[in-house]
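Undergrad: One structure follows; several queries about it will come next.
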Amino acid sequence: VKSTRINNLFEADDSGGFRADTITGSVVALAFDFPAGYEVAPHRHRRAQLVFAAGGVVTATSRAGSWVLPTARALWVPPGVEHSLRMTGAVRLRTVYFEPAAIDSPLARSEVLSVSGLLRELVLRAVEVGPVLRNGSPADASSALVDLLIEEILSAQREPHEALRLPDGRDSRLRRLTDGLRADPADPSTLSEWGSRVGASERTLARLFLAETSLTFGRWRQQLRLQRALELLAAGRSVSRVAGEVGYESLSAFITMFHRATGYTPSSYFGGSGR
């Protein structure tokens, strides 16, 4: 499971096809181990995918935005949705692929799911039993495992869709602003100050943020700081240090923001408790 051969299944082949898609089966479970900083280029697959990290943190990005996934969270990716992955820390990725017909009522859009203890154990067991869990027949030996896994996925608590998502805009001026903030989330510059840098008025930038990201400038920057905070916390940094690194002078203000956005305190988020 941890071999280079298996990891290569995660990459595109010479024709641009997704290697894991070559495995025959309506439900397929695979394990991939990646070093810190590893990036998987944008790709898509014919199956739906449950992206779950048993260790480390994954940041997933699609045209809809980006999501940070610590070990207590998983991402459901519908079939055909292009996405990329970036690893924070050494990541033990455990993922399950579902043909569209394998689930009667699949999730229609990308969703961040809260991973219960049962869902975690089911995914880990699926990887142990796999890679092919079901070959199209409900009578397969692993049928009960698959049925329970699907039930847990569909009933899992869904995180607020906007809480962990960071959408990008298309306008070049807006992208220069957002790229600058991504490079330094703690930058305290106002929208007016950014306007003088990128060649647009404050009003124009405010309009672009709402039109292209559905967020205000302040909310977008807060989302960015939350995402960066999650990655830094996952890397083992203290809450007080992370608060300063993402631009909060007050630790209490950072904790309040974090709790409002996720329903958890920074110290309890990764354990999945404290809601």
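The values are calculated or read from the model by the stated rules, or taken from the named source; none is laboratory data. Just so it is clear, the model here is predicted, and its values are computed rather than measured. So basically every Cβ, Gly included, is an ideal-geometry build from the backbone, and we count neighbours across all protein chains shown. Protein only, heavy atoms only, side chains kept; ligands, DNA and RNA dropped before computing areas. Shrake-Rupley method; radii C 1.70, N 1.55, O 1.52, S 1.80 Å.
Undergrad: Tell me, what is the Rg over Rh of the chain, with Rh the Kirkwood radius over Cα pairs?
TA: Numbers: Rg = 19.7 Å, Rh = 19.7 Å.
Expressed as Rg/Rh, it is 1.00.
Undergrad: Beyond 25 Å, what share of the Cα-Cα pairs of the stretch 173-275 is found? Please give it as a whole percent. Display every interim value, and only then the final one.
TA: Details: 1363 of 5253 pairs.
In whole percent, the long-distance tail amounts to 26.
Undergrad: With θ set to phi - 60° and the Karplus curve 6.51 cos²θ - 1.76 cosθ + 1.60, what are the ³J(HN,Hα) couplings of the stretch 191-196 in order, to the nearest whole Hz, using x for Gly and Pro?
TA: 5, 5, 5, 5, x, 5
Undergrad: May I ask you to evaluate 6.51 cos²θ - 1.76 cosθ + 1.60, the Karplus curve with θ = phi - 60°, for each residue of the stretch 240-247 and list the ³J(HN,Hα) values in order in whole Hz, giving x for glycine and proline?
TA: The phi angles translate into 5, 5, 5, 4, x, 5, 9, x Hz.
Undergrad: Okay, moving on. From the phi of every residue in the stretch 93-107, what ³J(HN,Hα) in whole Hz does the Karplus formula 6.51 cos²θ - 1.76 cosθ + 1.60 yield, where θ is phi - 60° and glycine or proline is x?
TA: So the Karplus estimates, Gly and Pro as x, are 7, 10, 10, 10, 10, 10, 4, x, 7, 6, 10, 5, 10, x, 5 Hz.
Undergrad: How would you classify the stretch 48-202 from its alpha-carbon gyration tensor, with a ≥ b ≥ c the square roots of the eigenvalues: rounded for a/c under 1.5, else prolate if a/b is greater than b/c, otherwise oblate? Provide the component values of the computation, followed by the final result.
TA: Details: a/c = 3.11, a/b = 2.44, b/c = 1.28.
Prolate.
Undergrad: Based solely on its DSSP helices, what 222 nm [θ] is calculated for the chain when runs of n ≥ 4 H residues each add -39,500 (n - 2.57) and the sum is averaged over all residues, nearest 500 deg cm²/dmol?
TA: Using -39500 (n - 2.57) per qualifying helix, the result is -11000 deg cm²/dmol.
Undergrad: Whole angstrom only: what separates the Cα centroid of the stretch 203-275 from the Cα centroid of the stretch 103-131?
TA: First find each Cα centre; the distance between them is then 26 Å.
Undergrad: In whole percent, how big is the carbon plus sulfur part of the accessible area of the chain, probe 1.4 Å, protein atoms only? Present the calculation step by step, with values, prior to reporting the outcome.
TA: On the way: 6080 of 12250 Å².
Summing carbon and sulfur atoms, their accessible area is 50 percent of the total for the chain.
Undergrad: If you project the alpha carbons of the stretch 62-116 onto their three principal axes, what span does each projection cover, largest first, in Å?
TA: 35, 27, 16
Undergrad: Considering only I23, V132, S268, whose Cα is most displaced toward the positive end of the charge dipole of the chain, charges sitting on Cβ of Lys, Arg (+1) and Asp, Glu (-1)?
TA: Positive-end residue among those listed: S268.
Undergrad: Which residues' amide hydrogens lie under 5 Å from the amide hydrogen of G55, considering only partners 5 or more residues apart or on another chain, with H built in the peptide plane?
TA: For G55, whose amide H was placed from the backbone, the distant partners under 5 Å are R92.
Undergrad: Tell me, what is the Rg over Rh of the stretch 113-259, with Rh the Kirkwood radius over Cα pairs?
TA: Numbers: Rg = 21.1 Å, Rh = 18.4 Å.
The Rg/Rh ratio comes out at 1.15.
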